[in-house]
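A short worksheet on the structure shown next.
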Amino acid sequence: MNTMLRKSVLAIAGLTVAGGLAAGPLNHTDTTTNTNTTTAAQATKPDTTKLIPHGVQGNQSHIDLNDEQVANTKAIIAATKKTGMDERAAVVSIATALQESKLENLGHLGDRNDHDSQGLFQQRPSSGWGTVEQITDPEYSTTAFLKGLKQVDGWQNMPLTEAAQTVQVSAYPFHYAQWEQQAADLVAEHWNS
């Protein structure tokens, strides 16, 4: 949560508690209920400092997502949870997929294909990522990406672009950074949906 929002929430909570104490026992139950509701709502959203621990690097890009792209975002988040990894892993995964495919599950693109790269992460069967059927399955491809990420020592403490590049070995290693804010926003929006 950013500092200004945190201060506003704390100020409102302080006024609510002070008002409840001044008003007496009749309002005490309502104040407690409101405070618990606020706390519960805050607890369900991922911690922003956990999503972008290093801040964003460079200019950020953003695209509007269609239904397929949102479904793929949710599939990446579900696969991340299934592997037992946290929200930061989902941010790295989504930013990587935004760079590689704009969150579209790409099949073979003919002459426009980068070798035999396919799927959300543009993984290559010839590089051992799996079969075409596997790497065009969002759950499988995300799990494969996360397996690679887990093998990167200290990925949790790396800037996003470094962690993603270590797994992907892209010809354009710094391009992942431009998607960090949108990836974090998507994780914050869909982590608990």
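The values are calculated or read from the model by the stated rules, or taken from the named source; none is laboratory data. What you see is a predicted model, and the numbers here were worked out from it, not measured in a lab. In this analysis, Cβ positions are derived from the backbone assuming ideal geometry, glycine residues included, and neighbour counts consider all displayed protein chains. Side chains are part of the model used for accessible areas, which takes the heavy atoms of the whole protein and leaves out ligands, DNA and RNA. Shrake-Rupley method; radii C 1.70, N 1.55, O 1.52, S 1.80 Å.
Quick look at the numbers
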quantity	calculated
Count - residues of segment 145-193 that are surrounded by 14 or more Cβ atoms within 10 Å (Cβ to Cβ) and over 21 Å from Gln123 (Cα atoms)	13
Subset of segment 166-178 (residues that are within 17 Å of Pro53 (Cβ to Cβ) and either of a type in the set (A, V, I, L, M, F, W, C) or over 15 Å from the mean Cα position of the chain (by Cα) (or both))	Thr166, Ala177
Any pair with Cβ under 7 angstrom, 6 or more apart, that starts in segment 164-191 at a residue that is without any contact (Cβ under 8 Å) to a residue 12 or more places away in the chain and ends at one that is of a type outside the set (Ser, Thr, Tyr) and open to solvent by less than 70 Å² (accessible area, probe 1.4 Å)	Gln165/Pro173
Helices (runs of 4 or more DSSP H) lying entirely in segment 47-112 (those with 1 or more residues that are open to solvent by less than 30 Å² (accessible area, probe 1.4 Å) and of a type in the set (D, E, K, R))	87-101
Residue match in segment 150-158 (condition: within 13 Å of the chain's Cα centre (by Cα) and hydrophobic (A, V, I, L, M, F, W, C))	no
